[in-house]
Amino acid sequence: MKHGFIKVGTGCIKTHLADTQANAQEIIKLIKEADQKGVKLLALPELCITGASIGDLFYNTALLKGSLNALQKITEETSHTDITFTVGIPLMLSGKLYNCVAVVNSGEILGVVPCEKHSDIFAVNNSLSVITLLSRTVPFGNDIVFRHSQLENFSFCVAVGENADTLNNAVIKINPVASVETVGKAEKRKLLAKADSLTNICGILYASCGDGESTTDAVYSGHLIISENGKILCKNKPMDKCRLIVSEIDVDMLCGERSKDSDFYSGEEYTVYFQCKTEETSLTRKVRENPFIPENKPELESRIETILNLQATALARRIEHTCAKTVVMGISGGLDSTLALLVCVKAMDSLNRPRTDVIAVTMPCFGTTARTKSNAVLLCEKLKVTLKEIDITTAVRQHFADIGHNEANTDVTYENSQARERTQVLMDIAGEFGGFVVGTGDISELSLGWATYNGDHMSMYSVNGGIPKTLMRCIVNYVAQNSNEGLAKVLFDILDTPVSPELLPIDNKGEISQKTEDLVGPYELHDFFLYYMCRYGFSPEKIYRLCSYAMADKYSDEVIKKWLKIFMRRFFSQQFKRSCIPDGVKVGSVSLSPRGDWQMPSDALSTLWLNEAENL
């Protein structure tokens, strides 16, 4: 349960129709199996004590008595377990028959939830009351929230039957059903589970009856699903032999998401408290190495197309609004400027304007290599934009002389002088040709402050400001795969070039001597840190745990700790740069724009975050 992860399960038994004692044994066996796997909350199907397809036998007093005896046996034989579970049972109360789910914890019945949908057999109940069950007085109704006595974020409710729409403050929704299998039904269930968990910002435990139910007119498939906030964490295939699935739901994350939604339902609730041991939950759920990048290829390609359209549409709007004759940008032969140029071209194409209205300027200096300069030139030629080459070496040396800087001292002044000279050149060219400067920096660099203040940090419009470096690589690769041979060749070589600002002199082989990831760390790590820091507000300890779990095959724990500490230090110390960044298009759920998406004072202290990172 540490860091908010609750190990949950959903399962189904091989049903013995109307044989309540045999079903009780199957249920006990499944509960004990789940308990051995560390499950703290288990959902079982609707009417699993009797079977859901027995029709008028539900009215029989022998069956109803047998159901109560079975429930008694289940509670007694699971009293030593540390698991809370739901079990479906028919109950005759005040002369009415109800389709119910009993919630059980450590041998005690916490409450009973009836199905809220009317049927030919079962009555409905819309009020909260108390009933006597197995000599215990327990709450009975649909709007009960079961909440852990120590972990407030660990709470659940029960919604019995298909299309049950119970909604309350609970973070996990258990949905026991008896769902008939037909063609296309499984896909519909998955879509509903994803949509329900996304709309209600919750976890869903879906458990449906399986084999052993009557096949007189239908088949029950035993479909099991665990979803969280719009994602399927775990599922089985309908009609397979998997009777138990297990994953972890992050209740802290869900509560954090709800706190950001001012319209989220928060009303009165009838609360029943329960207990179970609080312990660290082992993780089995999938944690993606690259959270900004969809794993599904069609989804990734669709996202890339959307992002490119967002970038180009936003830039085209700014061009129209300012009546710009041109757009001007620096082209280095690196990844960021390549994507920015592709966006500029796409924007001009959408406006039916010539690509020559895009002015790309290459500005070689001390660290420029033949490879990057050549790629910059070739890229501009293939895209048919206007290319200008302005060597800034003489201008920078004059600046060194003006301020009394020794060129042999390759310190931050040495580097920043080049970056600011380039920005000055671009700004003046934009003025000369009636345009504005398009920025090329990405959100990964912004998070680390890896930009020269009033150098590459500044522009009139930033098209890449919402793109993380890991996703940027995917976008350029996608464009390359869908381009003609000549353009593709250049783009693939740019992708193979190490990321570098090229501000330090080239080595004796004429190659890049300054590799960004050697200095600030791997971008895939920083993008991981950025995503969970800004998207969900996770602590360094939780980010470290997830990263170590997701990237165990790539990075040692010590390496992850090292770069996590650097990320936290730089993220806080460099906020002043983000507080005055230019306009730029938002494309995803993480944005560092100071105009509403990320509001943070430039002087916020990193003490808490660094202390936690140091103590990992």
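What figure, in Å² to the nearest 10, do you get for the accessible area of residue 460 with a 1.4 Å probe and non-protein molecules left out?
Rounded to the nearest 10, that gives 80 Å².
So how do 47, 17 rank on accessible area, 1.4 Å probe, biggest first, that is with the largest at the start?
Ranking 47, 17 by accessible area, largest first, yields 17, 47.
Heavy atoms only, probe 1.4 angstrom, no DNA, RNA or ligands counted: give me 595, 189 ranked by accessible area, highest first.
595, 189
Take the alpha carbon atoms of region 104-148, find their radius of gyration, then divide it by 2.2 N^0.38 Å using N residues; give the quotient.
In units of the 2.2 N^0.38 Å rule of thumb, it is 1.24.
For region 295-451, take N as its residue count and report Rg(C-alpha) divided by 2.2 N^0.38 Å.
Taking the Cα Rg and dividing by 2.2 N^0.38 Å, one obtains 1.13.
Could you give each residue of region 275-284 its phi-based ³J(HN,Hα) in whole Hz, using Karplus coefficients 6.51, -1.76, 1.60 with θ = phi - 60°, and x for Gly or Pro?
10, 7, 4, 9, 8, 6, 8, 5, 9, 10
So, taking all protein chains as they sit and a 1.4 Å probe, how much accessible area belongs to residue 201, in Å² rounded to tens?
20 Å²
Read phi for every residue in region 440-455 and hand back ³J(HN,Hα) as whole Hz from Karplus 6.51 cos²θ - 1.76 cosθ + 1.60, θ = phi - 60°, with x for Gly and Pro.
Rounded to whole hertz, the list is 10, x, 10, 5, 5, 5, 4, 5, 9, x, 7, 7, 7, 4, 6, x.
Roughly how many Å² is the accessible area per residue of region 548-616, as a whole number, for a 1.4 Å probe?
54 Å²
What are the residues whose amide H is under 5 Å from the amide H of residue 584, where those residues sit 5 or more places off or on another chain and H is modelled from the backbone?
Those lying under 5 Å, H to H, from residue 584 are 462.
How much of the calculated P(r) for region 269-345 lies past 16 Å, in percent of all Cα pairs?
72 percent
Amide H to amide H under 5 Å from residue 326: which residues, 5+ apart in sequence or cross-chain, H placed 1.01 Å off N in plane?
Counting only residues 5 or more places away or on other chains, the set is 435, 436.
To one decimal place, what orientation-averaged projected area in nm² is obtained for the convex hull of the Cα set of region 38-106?
4.7 nm²
Summing Lys, Arg as +1 and Asp, Glu as -1, what charge do residues with Cβ under 14 Å from the Cβ of residue 191 carry, residue 191 excluded?
+4
Tell me the label-point distance for the pair residue 264, residue 214, using the 7 Å Cα-to-Cβ offset, in nm and rounded to one decimal.
4.3 nm
What part of the accessible area of region 356-515, given as a whole %, is carbon or sulfur when the probe is 1.4 angstrom?
About 48 percent, which is the carbon plus sulfur part of the accessible surface.
So for 357, 56, 19, 527, what's the accessible-area order with a 1.4 Å probe, most first?
Largest to smallest exposure gives the sequence 56, 19, 357, 527.
Note the direction-averaged projected area, equal to a quarter of the hull surface, for the Cα convex hull of region 64-221, in nm².
Reported value for the Cα convex hull: 10.3 nm².
Could you please tell me the mean projected area of the C-alpha convex hull for the chain, averaged over all directions and given in square nanometres to one decimal?
Averaging across all directions leaves 32.0 nm² for the Cα convex hull.
Taking the Cα centre of the chain as the origin, how large is its charge dipole in debye, to the nearest 20, when only Lys and Arg (+1) and Asp and Glu (-1) carry charge on their Cβ atoms?
380 debye
Taking +1 at the Cβ of each Lys and Arg and -1 at the Cβ of each Asp and Glu, which of 446, 264, 293 sits farthest along the dipole of the chain towards its positive end, judged by Cα position relative to the Cα centre?
About the Cα centre, the residue reaching furthest to the positive side is 293.
Output wanted: per-residue J couplings in Hz (rounded whole) for region 169-183, from phi through Karplus 6.51 cos²θ - 1.76 cosθ + 1.60, θ = phi - 60°, x for Gly and Pro.
Calculated HN-Hα couplings, in order: 7, 4, 8, 10, 10, 8, 10, x, 9, 10, 9, 6, 8, 9, 4 Hz.
Give me the accessible area per residue for region 311-398, probe 1.4 Å, as a whole number in Å².
40 Å²
How many nm separate the modelled label positions at residue 296 and residue 576, each set 7 Å beyond the Cα in the direction of the Cβ?
Simple spin-label model gives 4.6 nm for this pair.
Within region 171-268, how many lysine pairs that are 8 or more places apart, or on different chains, have C-alpha atoms less than 23 Å apart?
Close lysine pairs found across region 171-268: 26.
So what's the Cα pair-distance distribution over region 505-616, bin width 5 Å, in %?
Bin by bin from 0 Å, the calculated values are 2, 10, 19, 21, 18, 13, 9, 5, 2, 0.
Going by amide H atoms built from the backbone, whose H comes under 5 Å of the H on residue 97, apart from near neighbours?
Distant-sequence amide H within range of residue 97: 123.
Using a 1.4 Å probe and ignoring any ligands, DNA or RNA, find the accessible area of residue 569 and quote it in Å² to the nearest 10.
Only protein atoms counted, so the area is about 120 Å².
The values are calculated or read from the model by the stated rules, or taken from the named source; none is laboratory data. For clarity, every value in this text was computed on a predicted model and none was experimentally measured. Here the Cβ is made from the backbone with ideal geometry for all residues, glycine too, and neighbour counts use every protein chain on show. Each accessible area value is taken on the protein alone, full model and side chains, heavy atoms only, with ligands, DNA and RNA left out. Shrake-Rupley method; radii C 1.70, N 1.55, O 1.52, S 1.80 Å.
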